[in-house]
Amino acid sequence: MKTVEMGKMYYYVDESGDTVFFDKKGIDLVKTGKASRVFIVGFLECKNPNVIHKALEKIRNDLQNDRYLSLIPSLSKSIKHFHAKDDCPEVREKVFKEIIKMDIQCFVVVGRKNADQFKKKFNNKTSRFYEYMVEKLFENRLHLYSEIDIYFSKMGNVLREENMKSALEKSKETFQKKWGSESNNSIRIFIQEPSHIALLQVIDYLLWSLNRTYEKKDMRYYNFIKDKVILIQDIFDTAKYPNNYYNSKNPFDINKISPLDS
């Protein structure tokens, strides 16, 4: 077990996909293709957020002065807030090329969406589903530094501070039972709009690239930034256990996972 490192570390948490399972009539929207097949939660770890903030600010300044891109309708939104799904290809390229220069690490949990499991395990409550994902995400990452600030990307009523505190406490309890070691470090939680926090925009890009591999079998973007992704836990892919945890020893590839519609 790694010893505690003195000093502050910053975690930035976002999600990709949706938490929708049913419509108002109770029809399974995942099976009908009207909702995402996976819900992904991940965070990036960074010691020097100001460096990354300045790097993204430079991109924004360059975009404002780029005559070639100036007439693209989405550019004004990108200048205020980078968002991988909505940014035009030219902006996306600039952001991705900057990301691979950054001193960051990314950790991810992938949740396959299954309506029966959602009913039984989470009592049809999206807040419980999200809380469980966060619990698994941080199970082995909360004891590593003496101080941790965790920034969550705001997500309507699904994400509330008390839910996140509960998820983190469960993560710490699980770690303590597993290793017999209690963590007494300082952890602070912030729930923020992604437009206000540059690093929430970076984790959005990282998770979007992985979402495309699961939903569209498009590995292009993930392959470009894969060195930043330290761990992917496909937690409900039990058919592949224990090989449903992807890291440097077991590199992720979309062809390794169980089919999503199985």
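For this structure, a couple of remarks:
- Screening ASN223 against (1) exposed (fewer than 15 other Cβ atoms within 10 Å of the Cβ); (2) touching a residue at least 12 places away in the same chain (Cβ under 8 Å) leaves a single unmet condition, (2).
- Among the residues of segment 110-127, those that are in contact (Cβ under 8 Å) with a residue 24 or more places away in the chain and farther than 15 Å from TYR222 by Cα comprise GLY111, ARG112, LYS113, ASN114, ALA115, GLN117, PHE118, ASN124, THR126, SER127.
- Taking the criterion of being assigned to a loop (DSSP other than H, G, I, E, B), surrounded by 15 or more Cβ atoms within 10 Å (Cβ to Cβ) and not small (Gly, Ala, Ser), the residues of segment 180-209 that qualify are ASN185, ILE197.
- Hits in segment 1-48 (condition: modelled with pLDDT of 95 or more and of a type in the set (Phe, Trp, Tyr)): TYR10, TYR11, TYR12, PHE39, PHE43
- Test: residue in segment 103-110 that is surrounded by fewer than 16 Cβ atoms within 10 Å (Cβ to Cβ) and over 18 Å from the mean Cα position of the chain (by Cα): no
- Scope segment 23-48; condition among the hydrophobic types (A, V, I, L, M, F, W, C) and farther than 30 Å from PHE190 by Cα; matching residues: ILE27, LEU29, VAL30
- Of the residues examined, SER171 is one that is touching a residue at least 24 places away in the same chain (Cβ under 8 Å) and buried (at least 19 other Cβ atoms within 10 Å of the Cβ).
- For first residues located in segment 202-220 and farther than 15 Å from VAL38 by Cα and without any contact (Cβ under 8 Å) to a residue 40 or more places away in the chain, partners that are among the acidic types (Asp, Glu) and surrounded by 24 or more Cβ atoms within 10 Å (Cβ to Cβ) and lie 6+ apart or on another chain with Cβ distances below 9 Å do not occur.
- Checklist (1) farther than 25 Å from LYS216 by Cα; (2) surrounded by fewer than 23 Cβ atoms within 10 Å (Cβ to Cβ) applied to ILE27, failing item: (1)
- The set of residues in segment 128-168 being of a type in the set (D, E, K, R) and either under 20 Å from PHE236 (Cβ atoms) or touching a residue at least 12 places away in the same chain (Cβ under 8 Å) (or both) consists of ARG128, GLU131, GLU135, LYS136, GLU139, ARG141, GLU147, ASP149, LYS154, ARG160, GLU161, LYS165.
- Single residue of ILE257, ILE232, ILE187, ILE191 found to be of a type in the set (Val, Ile, Thr) and under 14 Å from the mean Cα position of the chain (by Cα): ILE232
- Candidates GLY33, GLY26, GLY42: the one that is assigned to a strand (DSSP E or B) and either under 20 Å from PHE122 (Cβ atoms) or of a type outside the set (D, E, K, R) (or both) is GLY42.
- All conditions but one from (1) at pLDDT 95 or above; (2) part of a loop (DSSP other than H, G, I, E, B) apply to GLU90; the one that does not is (2).
The values are calculated or read from the model by the stated rules, or taken from the named source; none is laboratory data. Source: prediction; values computed, not measured. Here Cβ is always computed from backbone atoms with ideal geometry, including for glycine, and neighbour counts include all displayed protein chains.
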